[in-house]
1. For the structure I just gave you, tell me whether residue 284 is over 21 Å from the mean Cα position of the chain (by Cα) and open to solvent by 10 Å² or more (accessible area, probe 1.4 Å).
2. Check every one of the strands (runs of 3 or more DSSP E) wholly within region 1-107 and list those with 1 or more residues that are open to solvent by less than 70 Å² (accessible area, probe 1.4 Å), modelled with pLDDT under 50 and under 21 Å from residue 140 (Cα atoms).
3. Would you say residue 162 is modelled with pLDDT of 95 or more, open to solvent by 10 Å² or more (accessible area, probe 1.4 Å) and within 23 Å of residue 223 (Cα to Cα)?
4. Which of the residues that make up region 83-113 are under 30 Å from residue 221 (Cα atoms) and either aromatic (Phe, Trp, Tyr) or over 27 Å from the mean Cα position of the chain (by Cα) (or both)?
5. Which residues, counting only those in region 426-447, are in contact (Cβ under 8 Å) with a residue 60 or more places away in the chain, under 16 Å from residue 305 (Cβ atoms) and open to solvent by 10 Å² or more (accessible area, probe 1.4 Å)?
6. Can you pull out the residues in region 322-351 that are modelled with pLDDT of 95 or more and either under 24 Å from residue 277 (Cβ atoms) or open to solvent by 50 Å² or more (accessible area, probe 1.4 Å) (or both)?
7. Got at least one residue in region 202-224 being over 29 Å from residue 298 (Cβ atoms), acidic (Asp, Glu), modelled with pLDDT of 95 or more and surrounded by fewer than 22 Cβ atoms within 10 Å (Cβ to Cβ)?
8. Can you give me the number of residues within region 173-215 that are acidic (Asp, Glu), over 23 Å from residue 118 (Cα atoms) and under 21 Å from the mean Cα position of the chain (by Cα)?
Amino acid sequence: MTLSLRRRGYGALQRRVLAILNAEDRVFETYTLVADETTVADQFSETLAAAGVKRISGANQMPRVLEVAIREAVGKRGVSVVVIPGDVALQAAADAPATKLRGLLPARPVVMPEKSDLDRLAALLNGEGRVTILCGSGCADAHDELLALGERLKAPMVHALRGKEYVEWDNPYDVGMTGLIGFSSGYYAMLDCDVLLMLGTDFPYRQFYPQGSGVRIAQVDIRAENIGRRAAVDLGVVGDVKATLAALLPLLKQKPDGTHLMQAREHYAKARKALDDLAVGAPGKGLIHPQQIAKAISDRAAADAIFTCDVGLPTVWAARYLAMNGKRRLVGSFWHGSMANAMAQAIGAQAAFPGRQVISLSGDGGFTMLMGDFLSLVQLGLPVKVVVFHNSALGFIELEQKSTGFLPFGTEFKNPNFTAMAEAAGVRGIRLEDPGEVETGVTAALNHNGPVLIDAVVNRTELAMPPAVTLEMAKGFTLYMVRAVMSGRGDELIDLARTNLWR
């Protein structure tokens, strides 16, 4: 769901990007035209196979191929790539009849499952046993149906990261996210169930699915190829989530026992409070906890703000602290995990929606990779608010190294003063170095009529704890601590304890 396409390693690859918005579906569609290089078509076909790659060999082909590419991208909700050889790009444009808009932008289809599939799904859910629902991005526009389903089944709802903006708001059945960066409440609600209902999700991490032969799994997805891809399912239903739930609800019986839901909600309240407690900072206490920055941004951002987040720790803080409300958007590189995406996406989002507040949650590693693009904010007059989590490290990579027993290597940055750099470029810079400065600094940044860079100097040794610590993680972290002491880096352990234990 990106508004700009960037992939390192293409040399002098030329690109022009046209981004449009399907207002009804609130989905960004991207069409990319690139100058031909030796293996461009193959490279794009491997990474952007959602809607395919088109190559033209003459100027007369361009109008028709472009129409096909746009129609396919809209229909498949993916990216189409048109490859233009350099000599063809220099040819005069061919005359073509005017495009008929109604035929160019096909409406999103409503896919209904067979009646027999609905009956089997209803029988599974009506049976005895605790039901947990896992929701993904396929639940977009199905909020009312989700709430009705949760009430009927008395079932807690766990969301994947890409389902966050569609599921968690105004939802008394939501119990948080699962996965490595999720909540303990979402993690245990997934494991502690007899029936798991997957709705519009391709959540990839198999270790977070319930185990054991006694657990039955049903999956609803509009894409048949996704069913059973991550976990073996007892029942697969191909259909649009909204339409499927609307047809399924009349077949479901009211479950009388809400114990499973109540326990999951109580666990969620404790997990939420524990996370919020980490987002509190006392003035004069040194470096800022990054959680405090993320929560302050969420509390003060506009009701229809568009957030973008870099991979790594900025994604962790966005997942745990940005509150969705049905109007806000959260955009990231959640499929590919490509670095340095947040600011580029924010530039595209702000250009497409000049009247909305756009906030980029950038890591210092991702931001420094795109400092040249930072000048685009001034050049194009885009009032993007860029928040840089300045911890002078590739923080998530360091955590991965420590959890597997390695001393951090190759992860440290020697950063400039980003605030001074921003001011020199004509962007207002706000540097935050103390927890007491966070609220006023964030408020000033969001109220500024123009681009802003918030240089938030945050604690490098902050631990983003997973919802459950495995034996392998504990062994790896113990090995890291032993190696740190033996190599004369025991001060790292003191900083680690001071940050995460002695608050």
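The values are calculated or read from the model by the stated rules, or taken from the named source; none is laboratory data. Note that the coordinates shown come from a computational prediction; the quantities given were computed from them, not determined experimentally. Reconstructed Cβ throughout: ideal geometry from the backbone, glycine too, with neighbour counts over all protein chains shown. The area values use the complete protein model at the heavy-atom level, side chains included, leaving out ligands, DNA and RNA. Shrake-Rupley method; radii C 1.70, N 1.55, O 1.52, S 1.80 Å.
1. Details: over 21 Å from the mean Cα position of the chain (by Cα): yes; open to solvent by 10 Å² or more (accessible area, probe 1.4 Å): yes.
Yes.
2. Numbers: elements: 15-22, 27-35, 53-55, 79-84.
Per the criteria, 15-22, 27-35.
3. Numbers: modelled with pLDDT of 95 or more: no; open to solvent by 10 Å² or more (accessible area, probe 1.4 Å): yes; within 23 Å of residue 223 (Cα to Cα): yes.
Taking the combined requirement at face value, the residue does not satisfy it.
4. First, pick out the residues of region 83-113 that are under 30 Å from residue 221 (Cα atoms): 101-113.
Matches in region 83-113: 101, 102, 103, 104, 112, 113.
5. Hits for region 426-447 are 443, 446.
6. 322, 323, 324, 325, 327, 328, 330, 351
7. Within region 202-224, none of the residues are over 29 Å from residue 298 (Cβ atoms), acidic (Asp, Glu), modelled with pLDDT of 95 or more and surrounded by fewer than 22 Cβ atoms within 10 Å (Cβ to Cβ).
8. Filtering region 173-215 down to residues acidic (Asp, Glu) leaves 174, 192, 194, 202.
If we keep only those that are over 23 Å from residue 118 (Cα atoms) as well, we get 174, 192.
Keeping just the survivors that are under 21 Å from the mean Cα position of the chain (by Cα) gives 174.
Matching residues across region 173-215 total 1.
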